[in-house]
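Please treat every number below as a calculation from the coordinates, not as lab data. Note that this is a predicted model, so its numbers are computed, not measured. Cβ placement follows ideal geometry from the backbone for every residue including glycine, while neighbour counts extend to all protein chains displayed.
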């Protein structure tokens, strides 16, 4: 079972309380009315599918009902850290706002 740290609730909760919402940090086009079909398709449909660390967005459905970001290793499924939307992770320190995500077996 995967346990995820919610940076808003400040608790580690069961994976069943959360919903994965896709890749994090996707920038909306500056001028969506004047972008090409290819640019719009890139924004809507194309996402990274890396092997290794991946920045993801999650939603705490059963808890605080807030979106947050996580860095997860797609090979081991380990969540390296979680952080609030609008923040950037400090991976050099291995933590974000004093908390670190965890994975329990």
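Structural remarks
- Counting residues in region 67-88 that are in contact (Cβ under 8 Å) with a residue 24 or more places away in the chain and on the phi > 0 side of the Ramachandran plot gives one or more.
- If you go through region 1-37 and keep only what is loosely packed, with under 15 Cβ neighbours inside 10 Å, outside any loop (DSSP other than H, G, I, E, B) and touching a helix residue (DSSP H, G or I) at 6+ places or on another chain (Cβ under 8 Å), you end up with just 32.
- Scanning region 40-54 for residues that are more than 25 Å from residue 76 (Cβ to Cβ) and touching a residue at least 12 places away in the same chain (Cβ under 8 Å) yields a single hit, 43.
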